[in-house]
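**Q** First the structure, then my questions, so here it is.
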Amino acid sequence: MLSEIGEQPAALERMLAANAGKADRLAELATGVTHVVVAARGTSDNAARYAQYVWGARNRLAVGLTAPSLFGPLDAPPDLAGALVAGISQSGRSPDLVAVMTEASRQGRPTVAITNEPDSPLGKGADVVVELAAGPERAVAATKTYTTELAAVALCGLAFSGEPLGPLAGLPETVGAALDLGGDVAEAVGGLVESDRCVVVGRGFHMATAFEWALKLQELAQILAQPFSAADFRHGPMAVVERGFPVLAVATAGPTYDQMTSLVADLTRRGAHIVTVSDLEEAPGDVVIPIPRIEPWLSPIVAAPVVQMFARELTLARGLDPDSPRGLSKVTLTH
């Protein structure tokens with residue numbers, strides 16, 4: 001896992017190079033589309049959450065996550081008229097996701113596959129494949145495939161609206177800088193070593209980060225980590241917070257920063273132990289993990305390797321092996 005976290009700048013370079021010539025075709029597919037339906041599972045679901053915000057904010061498209069069981073055991077696929085259908089999957093082999101794409105094609109809808117395996121069933125059935133080009137992923141917990149999925153979503157967002165891909169060119173270097181800044185997270189994990197639960201809060205583009213950080217803590221460190229929108233957390237769940245309760249927050253520069261810092265201030269008054277990932281020096285928290293500053297909509301790509309490092313470090317501190325998570329395998333086939 002550690003090796004593959006470190007590979008991410010190079011993986012991003014490969015992904016951008018592999019798909020640079022696909023922008024026009026992606027723009028063509030998006031012509032006349034009124035909304036996007038995304039099929040994904042697990043970590044890829046969190047890349048889909050990022051797509052909800054990126055394609056919503058930048059392309060003004062309503063983006064929904066499909067219920068794959070409608071296309072499988074329930075045998076009641078919805079009408080996809082007006083939709084572009086995107087499948088996001090590291091392996092491209094999950095039967096329920098393939099079923100969504102197959103039905104989309106049957107209904108004559110445009111399809112995009114974001115996958116590390118372009119020759120997989122998901123890739124072969126799509127009109128356009130955005131290849132992750134991450135290389136073989138040996139760790140059970142997804143790292144470089146998740147980060148390249150985020151970058152692929154960003155690439156699609158630019159392409160859908162006919163914008164040049166230039167804003168993505170600096171991502172490999174910025175992600176490398178993030179690994180340098182956040183590489184030593186030992187201090188940050190100390191408050192969670194003895195905990196069996198925590199919450200992770202984010203807002204806007206970083207909803208994806210909150211969900212992915214929580215997932216990594218559950219699958220690796222065996223902590224019951226619950227992700228929340230900062231707004232939703234105020235609607236009842238914050239009642240669980242007591243003195244010493246661990247809260248992980250993502251508070252980066254941009255439109256949601258004030259809402260995040262307001263919540264962190266309230267939780268601090270309740271005595272919570274707060275770890276914050278931020279690109280601002282003045283960010284609140286008992287421990288602040290720094291990441292480089294970038295355009296707010298691209299910030300989740302930069303944060304991803306840092307929360308992966310945090311999850312790995314905490315897993316080791318709890319005496320567990322991040323390369324052998326309990327009960328998990330590399331590819332999960334769901335129907």
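**Q** Would you mind getting the accessible area per residue of the chain, heavy atoms of the protein chains only, 1.4 Å probe, in Å²?
**A** I get 39 Å² per residue for the chain.
**Q** About its Cα centre, what dipole magnitude does the stretch 185-335 give when the only charges are +1 on Lys and Arg Cβ and -1 on Asp and Glu Cβ, stated in debye to the nearest 20?
**A** 320 debye
**Q** Let me ask something else. Just how far, in whole angstrom, is the stretch 103-117 from the stretch 25-40 if you go by their alpha carbon centroids?
**A** So the two Cα centres are separated by 10 Å.
**Q** Express the relative contact order of the stretch 95-167 as a whole percentage, based on alpha carbon pairs under 8 Å and six or more residues apart in sequence.
**A** So the answer I get is 21 percent.
**Q** Hey, got the dipole for the chain? About the Cα centre, +1 on K and R Cβ, -1 on D and E Cβ, debye to the nearest 20?
**A** Using Cβ point charges on Lys, Arg, Asp and Glu, the chain gives about 600 debye.
**Q** Please give the calculated 222 nm ellipticity per residue for the chain, where each DSSP H segment of at least 4 residues contributes -39500 (n - 2.57) and the sum is spread over every residue; nearest 500 deg cm²/dmol?
**A** Value at 222 nm, helices only, nearest 500: -12500 deg cm²/dmol.
**Q** Still on this structure, I have one more. Please give, to one decimal in nm, the separation of the simple spin-label points placed at residue 323 and residue 74, each 7 Å out from Cα toward the Cβ.
**A** My value for the distance between the label points is 4.1 nm.
**Q** For helix 299-317, what angle does its Cα long axis make with the longest principal axis of the chain, in degrees from 0 to 90 and rounded to 10?
**A** Approximately 50 degrees, to the nearest ten.
**Q** State the number of lysine pairs found in the chain whose Cα atoms come within less than 18 Å, restricting to pairs 8 or more positions apart or on distinct chains.
**A** The number of close lysine pairs in the chain is 4.
**Q** For the stretch 94-183, with the dipole built from +1 on Lys and Arg beta-carbon atoms and -1 on Asp and Glu ones, taken about the Cα centre, which of 99, 120, 155 lies farthest toward the positive end?
**A** Towards the positive end, the residue furthest out is 99.
**Q** Another question, then. Would you tell me the accessible area of residue 312, worked out with a 1.4 angstrom probe on the heavy atoms of the protein chains, in Å² to the nearest 10?
**A** 50 Å²
**Q** To continue, here is another question. First compute the accessible area of the chain with a 1.4 Å probe, then give the percent of it belonging to carbon and sulfur atoms.
**A** Answer for the chain: carbon and sulfur cover 50 percent of the accessible area.
**Q** Working from Cα positions, state the angle (0 to 90°, nearest 10) between the long axis of helix 171-182 and the longest principal axis of the chain.
**A** So the inclination is approximately 20 degrees.
**Q** I've got another one for you. Sketch the reach of a paramagnetic label on residue 140 as a point 7 Å from Cα along Cα-to-Cβ, and name the residues of the stretch 1-36 whose backbone nitrogen lies under 15 Å away.
**A** 1-2
**Q** Okay, next question. In degrees, nearest 10, range 0 to 90: what is the angle between the Cα axis of helix 43-59 and the longest Cα principal axis of the chain?
**A** 70 degrees
**Q** Can you compute the modelled spin-label distance between residue 265 and residue 180, with each label point 7 Å from Cα toward Cβ, in nm?
**A** 3.4 nm
**Q** Taking GluC sites (Glu not before Pro) that fall in a DSSP loop and have at most 11 other Cβ atoms within 10 Å as cut points, what is the longest piece of the chain between them?
**A** For GluC sites (Glu not before Pro) (loop position, at most 11 other Cβ atoms within 10 Å), the longest site-free span of the chain is 1-193.
**Q** Right, here's the next one. Just how large is the dipole of the stretch 240-309 about the Cα centre, in debye to the nearest 20, putting +1 at every Lys and Arg Cβ and -1 at every Asp and Glu Cβ?
**A** The dipole of the stretch 240-309 has a size of about 200 debye.
**Q** Rounded, prolate or oblate for the stretch 97-250? Axes are the square roots of the Cα gyration tensor eigenvalues, ordered a ≥ b ≥ c, and the cut-off for rounded is a/c under 1.5.
**A** Note, shape of the stretch 97-250 comes out prolate.
**Q** Please compute the contact order of the chain in relative form: average sequence separation of alpha-carbon pairs under 8 Å and at least six residues apart, divided by the residue count, as a percent.
**A** It rounds to 20 percent for the chain.
**Q** Follow-up question, since we're still on this one. Within a Cβ distance under 14 Å of residue 27, other residues only, what is the Lys/Arg minus Asp/Glu net charge?
**A** Spelling it out: positives minus negatives among the neighbours equals -1.
**Q** Once you keep just the Cα pairs under 8 angstrom separated by 6 or more residues, what percentage relative contact order results for the stretch 215-322?
**A** It comes to 28 percent, rounded to a whole number.
**Q** Under 18 Å from a point 7 Å along the Cα-to-Cβ line of residue 295: which residues of the stretch 47-77 have their amide N that close?
**A** 50-61, by backbone N distance to the label point.
**Q** Can you grab the distance from the C-alpha centre of the stretch 235-297 to the C-alpha centre of the stretch 173-208, Å, no decimals?
**A** Result: 11 Å between the Cα centres.
**Q** Among 29, 64, 53, which residue has its Cα furthest toward the positive end of the charge dipole of the stretch 1-103, with +1 on Lys/Arg Cβ and -1 on Asp/Glu Cβ?
**A** Going by the Cα projections, it comes out as 53.
**Q** Work through the residues other than residue 214 whose Cβ is under 13 Å from its Cβ and net out their charges, Lys, Arg +1 and Asp, Glu -1.
**A** 0
The values are calculated or read from the model by the stated rules, or taken from the named source; none is laboratory data. Note that the structure is a prediction, hence the values are computed from the model and not measured. Methodologically, a virtual Cβ is constructed for each residue, glycine included, from the backbone with ideal geometry; neighbour enumeration extends over all protein chains shown. Just the protein is used for accessible areas: all its heavy atoms, side chains included, with ligands, DNA and RNA removed. Shrake-Rupley method; radii C 1.70, N 1.55, O 1.52, S 1.80 Å.
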